[in-house]
Amino acid sequence: PSLSKFFLMQPRFTLPLLFILFLGTCVRAQSAPPNDEFSDVILISALPYTDGLTAATASAATFDPDEPACGTTERSFWYTYVPPVSTNYLFTAEFADASVTANNDFVVGVYTGNDFVTDFVPVGCFDDNDGRSAGERISLPLDAGVRYNFQVILTAEVLTNALINIALDSVPQNNWLG
């Protein structure tokens, strides 16, 4: 007999089979952030800039085998900014809830250039490396007219309800956190 007739004729298999079919229709994979691939980088055009996404979305990000590895090859997503003036800037990647720290961390790679395969130049790889902080806060001088690419790497467990904040703003010269 066919497999479907077998399951339907066996009452003890009908309920588990229906439950599995129900789960299959209800559970959907979380889609990756729109800037998962460098080709879909988010261009920051005005400051102050903020972006929020859930950790579940960020956790669905991938790591392109050709992209630079800033200490880890986990889930990454991208932002780019071309500053109009040379000054100090603060880039932040952090969990909105500072208590979300165990086994959750960010690494941020900063690069100049237009394509990571052909002309990326590393500016720095930033990681507090403690796995206990709520994120990364990076203050660095950026030159006017240069394209800076921020690679945010999430090294975390899947946290479906945690909110991640990304921010970039200029820092007044007298308040530089360097």
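The values are calculated or read from the model by the stated rules, or taken from the named source; none is laboratory data. Quantities reported herein were computed from a predicted structural model and do not represent experimental measurements. Cβ placement follows ideal geometry from the backbone for every residue including glycine, while neighbour counts extend to all protein chains displayed. Just the protein is used for accessible areas: all its heavy atoms, side chains included, with ligands, DNA and RNA removed. Shrake-Rupley method; radii C 1.70, N 1.55, O 1.52, S 1.80 Å.
Considering segment 113-163, the residues that are over 18 Å from residue 36 (Cα atoms), surrounded by 14 or more Cβ atoms within 10 Å (Cβ to Cβ) and among the β-branched types (Val, Ile, Thr) include one that is modelled with the highest pLDDT, namely 146.
Each residue in segment 26-58 was checked for being of a type in the set (D, E, K, R), part of a loop (DSSP other than H, G, I, E, B) and open to solvent by 50 Å² or more (accessible area, probe 1.4 Å), and 2 of them qualify.
Please determine whether any residue of segment 68-75 is at pLDDT below 85, of a type in the set (Lys, Arg) and outside any helix (DSSP H, G or I). Yes, because at least one residue in segment 68-75 is at pLDDT below 85, of a type in the set (Lys, Arg) and outside any helix (DSSP H, G or I). Out of all the residues in segment 59-79, is one or more more than 16 Å from the chain's Cα centre (by Cα), open to solvent by less than 20 Å² (accessible area, probe 1.4 Å) and farther than 11 Å from residue 163 by Cα? No. Kindly indicate the residue of segment 164-174 that is at pLDDT below 85 and more than 13 Å from the chain's Cα centre (by Cα) and also surrounded by the fewest Cβ atoms within 10 Å (Cβ to Cβ) among those meeting that condition. Here the answer is 174.
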